[in-house]
Amino acid sequence: MKKNDLTLPYLSSFCMSMNLVMQAGIPLDEGTRMLAEDEKDPGRRSLLEKLSEELELGESLGAAMEKTGAFPKYVRDMVNLGECTGNLDRVLKSLSEYYDRQEQISKSIKNAIMYPAILLVVMILVVVILITRVLPVFGEVYRQLGGEMSPTAAAIMNFGAALSAHWQIPVLVLAVLAAAVLVCVFVKPVHAAMSNFFSRRHSDQSIGAMVAYTRFASAMAMTMSSGMDVDESLEMAANLTGNPAVSERIRLCRERMAQGENFEDAISASRVLPALYCRMLTIGIRTGAADTVMTEIARRTEEQANDRIESAVSKVEPTLVIIMSVIVGLILLSVMLPLVNVMSAIG
């Protein structure tokens, strides 16, 4: 099984199940075998059986995960850390919560993109049908009545006729645009370049920045509560933000710390987090509750990211509806008003 086959919900469920196994005092090899017996998916059942076999041979959970070749590096590293520090149960629970948060963020972003995209497609289809199928009918009515369409309506109808006659061109253009979008989303170098381009031009309060803060704070809370060194925590968190601008700030923060600057001053000077959260973190470090504060920062930034996503969706949908209504209304008025005049003259 490949790493991509393990979805975020499954990773969250697996980590929580293993945490419950440990809480119940069940050996890990027996626990994974129980999970394999209850698993309906053949690929995942085979993975769990292999994991159980490695554990029965005396391998640690982290080493067994690595031998399966299916678990993400981040999970393996955190499990190894938990085994070294004696906090494996806490690490597994933290991983479950982390992947659950990542799934919620991913769903919010997908929903934010999906609904406006569907609405835009419907709007385009309505306009295309109107100018290619409906307007020619009105044009025929005008000819039978001896009248003429308004210049606007005639221009739109001519455009619709050209669109019908050469439909291959717009279809090709849409296909190219769709291919470009897919390349930007699924080809990692292109996706990284696009993310870097937009992240450097958007403010620190944008949706992408808030999502990056959430991932950073979640990773830091998990690693710090597990006893990992701050520099190692920063290195791991930098790989999880998904935002080149924030990752660059984390790198600058690590450089400042290497030069002797303390953590709270370095993270504030590097602007890894907004000023308010930097002050919260400073207080948390001084009171010995840095991991708790990081957890609270992750919760707040996640709420802000979701609020911004919902706000963007709430603005996009009515905007598209208004645009579609105005376009359809103008087309119908350009046709109906002259027709009313013709009918009045006949009457």
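The values are calculated or read from the model by the stated rules, or taken from the named source; none is laboratory data. Keep in mind the model is a prediction, meaning the values are calculated, not measured. When we count neighbours, we look across all protein chains shown, and the Cβ atoms used for this are built from the backbone with ideal geometry, even at glycine.
Overview of values
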| read-out | value |
| --- | --- |
| Residues of region 212-243 that turn out to be modelled with pLDDT of 80 or more and β-branched (V, I, T), as a count | 2 |
| Residue that is farthest from the chain's Cα centre (by Cα), among those in region 309-346 that are at pLDDT 70 or above, surrounded by 12 or more Cβ atoms within 10 Å (Cβ to Cβ) and farther than 21 Å from V126 by Cβ | S311 |
| Selection count, region 77-86, where residues are buried (at least 17 other Cβ atoms within 10 Å of the Cβ) and either aromatic (F, W, Y) or free of Cβ contacts under 8 Å to residues at least 60 places away in the same chain (or both) | 2 |
| Filtered residue count, region 251-262, keeping only those that are assigned to a helix (DSSP H, G or I) and either surrounded by fewer than 20 Cβ atoms within 10 Å (Cβ to Cβ) or of a type in the set (D, E, K, R) (or both) | 7 |
| Residue match in region 181-199 (condition: loosely packed, with under 11 Cβ neighbours inside 10 Å, at pLDDT 80 or above and out of contact with any strand residue (DSSP E or B) (no Cβ under 8 Å at 6 or more places or on another chain)) | no |
| Flag if Y10 is under 17 Å from M222 (Cβ atoms) and assigned to a helix (DSSP H, G or I) | no |
| Residue selected from region 258-273 under the condition touching a Cys at 6+ places or on another chain (Cβ under 9 Å) and either in contact (Cβ under 8 Å) with a residue 24 or more places away in the chain or not charged (D, E, K, R) (or both), by the criterion nearest to E232 (Cα to Cα) | F263 |
| Filter result (touching a residue at least 12 places away in the same chain (Cβ under 8 Å) and not small (G, A, S)) within region 54-76 | E54, L55, E56, L61, M65, K67, T68, F71, P72, Y74, V75, R76 |
| Region 263-273, residues that are buried (at least 17 other Cβ atoms within 10 Å of the Cβ) and either of a type outside the set (G, A, S) or assigned to a helix (DSSP H, G or I) (or both) | F263, E264, A266, I267, S268, V272, L273 |
| Near pairs, Cβ below 6 angstrom, 6+ apart or cross-chain, from region 274-294 (part of a loop (DSSP other than H, G, I, E, B)) to any residue that is loosely packed, with under 12 Cβ neighbours inside 10 Å | none |
| Qualifying position, being loosely packed, with under 15 Cβ neighbours inside 10 Å, of a type in the set (S, T, Y) and at pLDDT below 80, among Y115, Y74 | Y115 |
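Here's the yes/no breakdown for (1) touching a residue at least 40 places away in the same chain (Cβ under 8 Å); (2) under 21 Å from E296 (Cα atoms):
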| position | (1), (2) |
| --- | --- |
| D231 | no, yes |
| M236 | yes, yes |
| G242 | yes, yes |
| S247 | no, yes |
| R251 | no, no |
| R256 | no, no |
